[in-house]
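What follows is a short report on a single structure.
The values are calculated or read from the model by the stated rules, or taken from the named source; none is laboratory data. The structure displayed is predicted, hence computed values, not measured ones. Cβ atoms come from the backbone with ideal geometry, glycine included; neighbour counts cover every protein chain shown.
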Amino acid sequence: MKKGTHPENYREVVFRDVSCDYEFISKSCAPSKETTTWTDGNEYPLIKMEISSQSHPFFTGKMKFVDTAGRIDKFNKKFKNFGIKKDTAAQADEASAE
């Protein structure tokens, strides 16, 4: 096997599925800024996931609704005036007020 192709910093990490609060421990070299205490009393790095085998429709047999429309509306509301010059935005506000 070629040396230097695989990371050397594998460690035990807790993975948490935030959609169903399922946790499991595995080895990973993924970076993490958060930590959590596992059932054995030791502290491990925490990696949060949105989906795992406990919440994926293929494994559970249940369809899950993902709120993409809400995310799109939130994005549009946040960035609706992005790239518009202030004078143009003020004129648009005045025109809509009339």
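All of (1) at pLDDT 70 or above; (2) of a type in the set (A, V, I, L, M); (3) under 15 Å from the mean Cα position of the chain (by Cα) hold for residue 66 with one exception: (1). Filtering region 18-59 to residues that are in contact with a helix residue (DSSP H, G or I) (Cβ under 9 Å, 6 or more places away or on another chain) and among the small types (Gly, Ala, Ser) leaves 52, 53. Selection of region 1-27 for residues being modelled with pLDDT of 85 or more and among the acidic types (Asp, Glu) yields 12, 17, 23. Among the residues of region 28-45, are any of a type in the set (Gly, Ala, Ser), under 30 Å from residue 11 (Cβ atoms), exposed (fewer than 10 other Cβ atoms within 10 Å of the Cβ) and at pLDDT 65 or above? Within region 28-45, one or more residues are of a type in the set (Gly, Ala, Ser), under 30 Å from residue 11 (Cβ atoms), exposed (fewer than 10 other Cβ atoms within 10 Å of the Cβ) and at pLDDT 65 or above.
With respect to the conditions (1) of a type outside the set (Phe, Trp, Tyr); (2) loosely packed, with under 10 Cβ neighbours inside 10 Å; (3) more than 30 Å from residue 17 (Cα to Cα); (4) modelled with pLDDT of 80 or more, residue 94 lacks only one, and its number is (4). The residues of region 1-24 that are without any contact (Cβ under 8 Å) to a residue 24 or more places away in the chain and polar (S, T, N, Q), listed by number, are 5, 9.
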